[in-house]
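The values are calculated or read from the model by the stated rules, or taken from the named source; none is laboratory data. This structure is a prediction, so every number in the text was calculated from the model and none was measured. Cβ sites come from the backbone with ideal geometry, for glycine too, and all protein chains shown count toward neighbours.
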Amino acid sequence: MPELTPRLATEADIPAIRAVMERAIDSLQAPFLTPDQIAASRRSMGLDTQLIADRTYFVVTDGEALAGCGGWSYRATLYGGDASAIRRDARVLDPTADAARIRAMYTDPAFVRRGVGRMVLALCEDAARAAGFRRLEMMATLGGEPLYRACGYREIERVPAMADTDPPVPGLRMGKDLA
């Protein structure tokens, strides 16, 4: 029986990552968003390939299957993918003054409740800590909020619209100290 194996993502993983993201958005956001909001959320979610280039994006596999993915960033962008309507900011953060970012966390619906999200978060937290960061922030979806709270993240602010979408898609800015 295969086991969950984490590793840094490569460009060759991009098609599988995008497929997992699509399945996760469609399935895991359904209890929290209307169908129109799910469609609109694609304009604020997705893969930022800068994370792969920066070597800060992880995938978790189970045999040949991609179970989940997610990363962290030392850049200023809080959320948003390559194709999103969000303006990204590639400015490098100061680890002594700024919070690193948790970015683009997705679990394939076939692998929920198996520790994939916790594994990716732990990898991100360890890597950000090793880079000198003392705090993390993220823009969480409503579907991700329970996991992040269970992992020690606290609400900073509720956001009625993560991007200029119609209909608006709510989010939650969250943070955690890396003590």
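What pairs can you find where one residue is in segment 1-20 and within 13 Å of Leu47 (Cβ to Cβ), the other is among the aromatic types (Phe, Trp, Tyr) and surrounded by 14 or more Cβ atoms within 10 Å (Cβ to Cβ), and their Cβ atoms are less than 6 Å apart, with a gap of 6+ or different chains?
These pairs meet every condition: Ala9/Tyr57; Val20/Tyr106.
When you look at Leu8, is it farther than 22 Å from Gly132 by Cα and either in contact with a helix residue (DSSP H, G or I) (Cβ under 8 Å, 6 or more places away or on another chain) or surrounded by fewer than 22 Cβ atoms within 10 Å (Cβ to Cβ) (or both), yes or no?
Details: farther than 22 Å from Gly132 by Cα: no; either in contact with a helix residue (DSSP H, G or I) (Cβ under 8 Å, 6 or more places away or on another chain) or surrounded by fewer than 22 Cβ atoms within 10 Å (Cβ to Cβ) (or both): yes.
The answer is no for Leu8.
Among the residues of segment 27-47 satisfying the criterion of being surrounded by fewer than 16 Cβ atoms within 10 Å (Cβ to Cβ) and either without any contact (Cβ under 8 Å) to a residue 60 or more places away in the chain or in contact with a Lys or Arg (Cβ under 6 Å, 6 or more places away or on another chain) (or both), which is nearest to Asp82 (Cα to Cα)?
Looking at the filtered set, the residue picked out is Ala39.
I'm checking my understanding of the structure. Among residues of segment 121-179 that are in a loop (DSSP other than H, G, I, E, B) and in contact with a helix residue (DSSP H, G or I) (Cβ under 7 Å, 6 or more places away or on another chain), which one is modelled with the lowest pLDDT?
Quick first cut of segment 121-179, residues in a loop (DSSP other than H, G, I, E, B) only: 131-134, 141-144, 151-153, 160-170, 178-179.
Filter again for in contact with a helix residue (DSSP H, G or I) (Cβ under 7 Å, 6 or more places away or on another chain), leaving 143, 151, 165-167, 169, 178.
Details: Gly143: 93, Cys151: 97, Thr165: 82, Asp166: 87, Pro167: 93, Val169: 92, Leu178: 96.
It comes out as Thr165.
Taking the condition exposed (fewer than 13 other Cβ atoms within 10 Å of the Cβ), within 25 Å of Ala163 (Cβ to Cβ) and either modelled with pLDDT of 95 or more or hydrophobic (A, V, I, L, M, F, W, C) (or both), does Ala90 pass?
Details: exposed (fewer than 13 other Cβ atoms within 10 Å of the Cβ): yes; within 25 Å of Ala163 (Cβ to Cβ): yes; either modelled with pLDDT of 95 or more or hydrophobic (A, V, I, L, M, F, W, C) (or both): yes.
Against the criterion (exposed (fewer than 13 other Cβ atoms within 10 Å of the Cβ), within 25 Å of Ala163 (Cβ to Cβ) and either modelled with pLDDT of 95 or more or hydrophobic (A, V, I, L, M, F, W, C) (or both)), Ala90 qualifies.
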